[in-house]
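The values are calculated or read from the model by the stated rules, or taken from the named source; none is laboratory data. Small disclaimer: the values here were computed from a predicted structure and weren't measured. When we count neighbours, we look across all protein chains shown, and the Cβ atoms used for this are built from the backbone with ideal geometry, even at glycine.
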Amino acid sequence: MKVLGIESSCDETAAAVVEDGRRICSSVIASSVEEQALYGGVVPEIASRRHIESISAVVRMALEEAGLSAGELDAVAVTYAPGLIGALLVGVNFAKGLAFSAGKALVPVHHLRGHVASLYLTHPQLRPPFLCLIASGGHNHIVEVQGYTRFRVLGRTVDDAAGEAFDKVARTLGLGYPGGPAVAKAAEEGDPAAYPLPTPHTQGRYDVSFSGLKTAVLNLANRAQMKGETVNIPGLAASFQNKVTDILSEKLCLAAGETGARAVALAGGVAANIQLREKTQAMARERGIEVFLPETTLCGDNAAMIAAQGYYERQAGHTADATLNGYASLPIEEDGPPQAR
Ligand code: KG4
Ligand code: ZN
């Protein structure tokens, strides 16, 4: 089954064709990140405008690269939640037009379910169940992936998502946007013990919190500036990254131990972080459990992951009609739009 995936939930306009949820036939991404970087973060209206300009060409290129016409597809899958609403609506509306004009099934895909599916593209042998930490710019979940379309959230952030914390710290340290790769790069030269940073406590056993950590970095930088001292930027970036990756890998480890998971995985933009990948691998090795990491190029937003998940949603009968809408937020457990329940 050949599925076209369309993704437009944030600042990437993406389209891809994936066969049977596992084989990438084509994957095209147009990003407005460079323009967004001028503003230090994503400006929703700019994102929507860039999607509307790029989407036709991006979809055409994905079909061309796959050597297919729209008529040869089996389904059109699209991210319908969660994300920036104006951005989501561009992809949803385009997918609707294409699906109905070509007479194909329209398959709504939850963005975070898509991130999980990036693992199926990287590891052909991977099958649920497994435990997955999904860490992106907007979300931070520890999820039990019970089946391809069955999820249970065990823990989440009580404030900022990990990626958001990286982005805010990068802004404080003048490292630019997106913050994750910039902080990781600066940290390469730094001592992770340079600054003692707090470990935030949360009530929920598998929940995390990053706002206190982010504020601690902000206060350190401000205090140094007021005293006329220079901040050891590599040291602060390394201390921050070390703390975040400790918290994330420890929570995943705790959840794996207590649920008896046989396999753990990472997904989402923050899964590209090398230190997080290494700590997760070390933790899994110690416990004798399997670990699955997405290929780095599939960690950030892309449409191949949406097409892959679209295959499994289609198999489960989760299709939509011409009334499909976009939703800024929707729990990962939900199988479809709120009004369908
Ligand atoms: O999944 P994603 O591409 O978009 C969302 O769905 O939010 O995640 C983007 C987030 C950004 O906050 C970015 O700073 C972070 O992932 N990120 C990283 C790294 N690469 C991207 N965070 C830490 N280390 C990285 N290497
Ligand atoms: Zn994402």
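Could you list, in sequence order, the residues of region 269-294 that are more than 12 Å from ligand 1 (Cβ to nearest atom), of a type outside the set (D, E, K, R) and part of a helix (DSSP H, G or I)?
Thr280, Gln281, Ala282, Met283, Ala284
Taking the options Asp246, Asp207, name whichever one is under 21 Å from the mean Cα position of the chain (by Cα), among the charged types (D, E, K, R), more than 16 Å from ligand 1 (Cβ to nearest atom) and on the phi < 0 side of the Ramachandran plot.
When all the criteria are applied, what remains is Asp207.
Here are some conditions: (1) surrounded by 16 or more Cβ atoms within 10 Å (Cβ to Cβ); (2) out of contact with any helix residue (DSSP H, G or I) (no Cβ under 8 Å at 6 or more places or on another chain). Ala37 meets all but one. Which one does it not meet?
Every condition holds for Ala37 apart from (1).
Do we find that Tyr177 is within 12 Å of ligand 1 (Cβ to nearest atom), touching a residue at least 60 places away in the same chain (Cβ under 8 Å) and surrounded by fewer than 24 Cβ atoms within 10 Å (Cβ to Cβ) in this structure?
Yes: the conditions hold for Tyr177.
Just to be sure, is Ala16 modelled with pLDDT of 95 or more, within 16 Å of ligand 2 (Cβ to nearest atom) and not β-branched (Val, Ile, Thr)?
yes
Using beta carbons and a limit of 7 Å, which pairs, at least six apart or on different chains, have the first residue in region 135-157 and touching a residue at least 12 places away in the same chain (Cβ under 8 Å) and of a type in the set (Ser, Thr, Tyr) and the second one within 16 Å of ligand 2 (Cβ to nearest atom) and not in a strand (DSSP E or B)?
Ser136/His115; Ser136/Ala161; Ser136/Gly163; Ser136/Gly268; Ser136/Gly269; Ser136/Val270
Helices (runs of 4 or more DSSP H) wholly in region 44-124 with at least 3 residues that are within 15 Å of ligand 2 (Cβ to nearest atom) and closer than 18 Å to Asn302 by Cβ - which ones?
Because the criterion is at least 3 residues that are within 15 Å of ligand 2 (Cβ to nearest atom) and closer than 18 Å to Asn302 by Cβ, the helices (runs of 4 or more DSSP H) in region 44-124 that meet it are 85-102, 111-122.
Hey, among Ala193, Ala135, Ala184, which residue is at pLDDT 95 or above, away from ligand 1 (no atom under 15 Å from the Cβ) and of a type in the set (A, V, I, L, M)?
Ala193
When region 30-39 is examined, which residues are found to be in contact (Cβ under 8 Å) with a residue 24 or more places away in the chain and small (Gly, Ala, Ser)?
Ala30, Ala37 - these are the residues of region 30-39 that are in contact (Cβ under 8 Å) with a residue 24 or more places away in the chain and small (Gly, Ala, Ser).
Among the numbered criteria (1) hydrophobic (A, V, I, L, M, F, W, C); (2) more than 24 Å from Thr157 (Cα to Cα); (3) within 16 Å of ligand 1 (Cβ to nearest atom), which one does Val231 miss?
For Val231, the failing item is (3).
For region 40-85, how many residues meet the condition of being within 30 Å of Leu173 (Cβ to Cβ), in contact (Cβ under 8 Å) with a residue 40 or more places away in the chain, out of contact with any strand residue (DSSP E or B) (no Cβ under 8 Å at 6 or more places or on another chain) and not hydroxyl-bearing (Ser, Thr, Tyr)?
Residues that pass the stated criteria total 8.
Return the only residue of Ser54, Ser32 being at pLDDT 95 or above and more than 16 Å from the chain's Cα centre (by Cα).
Going through Ser54, Ser32 in turn, just one is at pLDDT 95 or above and more than 16 Å from the chain's Cα centre (by Cα): Ser54.
Which residue out of Ala304, Ala308, Ala322 is exposed (fewer than 15 other Cβ atoms within 10 Å of the Cβ), closer than 30 Å to Gly97 by Cα and not aromatic (Phe, Trp, Tyr)?
One residue alone meets the criteria, Ala322.
Going through Ser27, Ser101 one at a time, which residue ends up being hydroxyl-bearing (Ser, Thr, Tyr), more than 12 Å from ligand 1 (Cβ to nearest atom), surrounded by fewer than 22 Cβ atoms within 10 Å (Cβ to Cβ) and in contact (Cβ under 8 Å) with a residue 24 or more places away in the chain?
Checking each option against the conditions leaves just Ser101.
Would you check which residues across region 212-251 are charged (D, E, K, R) and either in contact with a strand residue (DSSP E or B) (Cβ under 8 Å, 6 or more places away or on another chain) or exposed (fewer than 15 other Cβ atoms within 10 Å of the Cβ) (or both) and list them?
Arg223, Lys227, Glu229, Glu250, Lys251
For every residue, the table says whether it meets (1) among the hydrophobic types (A, V, I, L, M, F, W, C); (2) touching an Asp or Glu at 6+ places or on another chain (Cβ under 7 Å); (3) more than 16 Å from ligand 2 (Cβ to nearest atom).
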residue: Asn273; (1), (2), (3): no, no, no
residue: Glu286; (1), (2), (3): no, no, yes
residue: Leu298; (1), (2), (3): yes, no, no
residue: Ala304; (1), (2), (3): yes, no, no
residue: Gln309; (1), (2), (3): no, no, no
residue: Glu313; (1), (2), (3): no, no, yes
residue: Ala316; (1), (2), (3): yes, no, yes
residue: Gly336; (1), (2), (3): no, no, yes
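Please go through region 141-173 and pick out each residue that is closer than 19 Å to Ala221 by Cβ, hydrophobic (A, V, I, L, M, F, W, C) and either within 16 Å of the chain's Cα centre (by Cα) or within 11 Å of ligand 1 (Cβ to nearest atom) (or both).
Listed by number, the residues that qualify are Ala165, Phe166, Val169, Ala170.
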